[in-house]
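Since the structure comes first, as structure tokens, the remarks are kept for the end.
Derivation of every value follows stated rules applied to the coordinates shown; laboratory data play no part. The model shown is predicted, which means the values in this text are computed figures rather than measured ones. Every residue, glycine as well, gets a Cβ built from its backbone with ideal geometry; the counts of neighbours run over all protein chains shown.
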Amino acid sequence: MAKFYITCAIDYANSSPHAGTAYEKIGADAIARWKRLQGHDVHFLIGMDEHSINVVKKAEAQGMDPEKYCDVMEPKFTDLWKALHISNDDFIRTTQKRHIASATEFFKRVFAKGDIYKAKYTGLYCIGCEAYLKPGDLVDGKCKNHGTEPQKLEEENWFFRLSKYSQAMVEHIEKHPEFVQPDVRRNEVLNVAKDGLEDISISRSTFKFGIPLTCDPAHVMYVWFDALVNYISGVGFAADEAMFAKWWPADLHVIGKDITRFHCLLWPAMLMSAGVALPKQIWGHGWVHYKGQKMSKSTGHLLDPWDVITPHGADALRYFMLREVAWDRDGDFTWEAFTARYNADLANGLGNLLNRTVSMIHRYCQGVLPGVGEAGTADDELKANLVAAPLDVAALMEKQDLSGALERIWDSVRRADKYVEENAPWSLSKQGKTARLATVLTFLATSLARLSVLLHPFIPATAEKIRAQLGLSGPLVIPAAWEPLPPGHKIGEPAALFPRIEAEKTDPAAEGQPAKGKPKGGGQAKGPEKTK
Ligand code: MSP
């Protein structure tokens with residue numbers, strides 16, 4: 001299988017990650033894991049964007065130098081990504097030597113091409129966007145992304161001739177419809193390119209924290225021209241030819257919709273200028289809001305991912321984000337919606353199905369699968385649903401329909417649940433129909449075994465727990481034909497995957513302290529007993 005190089009936007013180091021920045025890593029992680037499952041050789045890069053005035057200011061306020069400040073910030077990101085089971089292969093920081101060397105070499109190439117010049121510029125600068133705004137970027141005189149008033153700046157800086165690449169960008173985007181996705185972003189970006197691009201300031205001389213320009217060491221490279229290069233410096237640009245040849249061009253840049261212009265217009269133009277191949281696709285996902293409002297670092301209206309992870313586990317957050325916030329549009333996190341999803345899909349749905357299956361195999365067969373016996377009600381329907389599932393999920397993942405893929409997996413969960421009701425294993429046991437009971441339990445365990453593989457990219461820790469309870473080990477293989485687990489297969493011990501949540505205790509704001517939504521009295525919503 002082919003290589004697959006996937007990246008996320010590198011996060012600004014000057015504030016802690018929040019549920020929005022986490023959403024991007026979770027989505028990209030599900031894609032990276034799915035590709036690995038399909039057998040691709042995957043490289044997944046994330047990181048931290050450090051050279052900015054905001055970092056300098058924060059560091060000064062804390063009496064630290066900017067490098068030290070970034071060192072202190074790093075674990076706030078890496079600890080969270082670890083807790084969320086983000087499977088990145090590398091973590092790049094723009095203050096690392098490898099990045100500075102690559103960015104310097106990249107700059108030299110663009111300069112040699114004649115695409116960098118010095119000029120005076122006056123404009124309205126948004127510090128949140130780290131960019132000059134155009135009239136269309138303003139609402140009531142404020143930045144439409146950050147809700148803050150831009151500053152009027154006049155400066156003599158070095159500029160990149162982005163305008164020179166307007167036509168080339170229009171042509172590239174028109175010729176490669178897959179280059180910018182989803183379509184709504186493609187149309188936006190294409191319109192901007194068609195309007196004509198403006199040259200962009202790429203240096204600062206007012207502070208020293210940055211990569212000095214080779215043509216004028218009194219200036220440092222400014223934000224985007226530095227940060228975007230991480231995607232190539234992370235795979236050995238101008239340092240490790242073999243590595244670079246292996247991974248570049250990137251197969252997928254995952255970014256938020258607010259930074260599509262930089263990625264879909266500036267970055268490709270920079271690459272064209274330097275004579276480097278363009279990435280294959282840029283996906284601009286939507287925004288996660290919190291309680292119906294935009295999250296904002298400036299107002300502090302933010303959801304801290306730990307408020308979900310600490311009481312409910314990483315997979316609860318992963319599942320909600322991936323299921324509820326479609327990858328191509330905006331979505332909202334509310335504690336009510338989270339609790340409803342969690343209880344319905346994870347506690348009552350998947351968790352309950354696993355718990356009743358494993359418990360019944362213990363109760364009726366001493367934890368050892370008897371193998372397929374007599375055929376009967378809904379066997380074929382269950383098999384057909386579970387055999388189609390991997391193909392359906394693959395087709396949805398090909399379109400990056402992450403929530404659609406989860407919805408499809410839950411269709412199988414519901415089908416298997418219905419199969420339990422249709423066959424009522426407890427009645428089969430009472431009536432001594434052991435040959436039929438053997439089939440039903442084997443089919444249920446087999447269904448869950450298949451689902452555990454498909455769930456792995458989305459909720460990896462849960463998938464591992466399911467596999468342990470089913471007594472499965474060995475590499476993950478996307479299931480194809482229906483192959484029932486063999487007679488004699490030993491099942492593990494049952495344990496609640498997702499204890500139900502009491503709705504009124506989930507919102508930290510409601511309690512005035514970090515969320516401690518208590519799992520209710522241990523155990524699933526309904527065990528096999530309750531359905532008897
Ligand atoms: N440092 C730049 C990116 C440079 S990439 C060469 C940056 N950093 S950021 O920390 O502000 O944002 C990091 C990523 O998180 C961006 O892709 C951004 O769109 C995304 N998100 C920030 N807030 C978000 C939400 N509320 N929801 C979803 N994604 C969000 O931009």
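Summary of computed values
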item: Value at 222 nm in deg cm²/dmol, rounded to 500, when DSSP H runs of n ≥ 4 in the chain each add -39,500 (n - 2.57); result: -13500 deg cm²/dmol
item: Under the Karplus curve 6.51 cos²θ - 1.76 cosθ + 1.60, θ = phi - 60°, whole-Hz ³J(HN,Hα) for the range 368-384, x wherever Gly or Pro sits; result: 10, 5, x, x, 6, x, 8, 7, x, 3, 6, 4, 5, 5, 4, 4, 4
item: The chain - percent relative contact order, Cα under 8 Å, separation 6 or more; result: 15 percent
item: Protection proxy ranking of 321-327, 236-242 - average other beta-carbon atoms within 10 Å, highest first; result: 321-327, 236-242
item: Rounded to the nearest 20 debye, dipole of the chain from Cβ charges on Lys, Arg, Asp, Glu; result: 980 debye
item: Semi-axes of the equivalent ellipsoid for the range 3-285, Cα gyration tensor, largest first, Å; result: 26, 23, 20
item: Dipole of the chain, positive end: most advanced residue of CYS143, TYR12, CYS126 [Cβ charges, Cα centre]; result: TYR12
item: Directionally averaged projected area (convex hull, Cα atoms, the chain), nm²; result: 25.8 nm²
item: The chain: antiparallel DSSP beta bridges as a percent of all, rounded to 5; result: 55 percent
item: Gyration tensor (alpha-carbon) shape descriptor, the range 73-133, a/c threshold 1.5; result: oblate
item: Sorted peptide list for 398-407, 351-360, 281-290, criterion being average Cβ within 10 angstrom, highest first; result: 351-360, 281-290, 398-407
item: For the chain, cysteines whose Cβ has no other cysteine Cβ within reach (under 4.7 Å); result: CYS8, CYS70, CYS215, CYS264, CYS365
item: Antiparallel content of DSSP bridges confined to the range 3-285, in %, to 5; result: 50 percent
item: Options HIS263, PHE237, PRO182, ranked by Cα towards positive dipole end of the range 182-316, top entry (Cβ charges); result: PRO182
item: For the range 227-235, Karplus couplings with θ = phi - 60° (6.51, -1.76, 1.60), whole Hz, Gly/Pro x; result: 5, 4, 5, 4, 5, 9, 5, x, 10
item: Volume per residue that the Cα convex hull of the range 333-469 spans, once the total is divided by residue count, Å³; result: 104 Å³
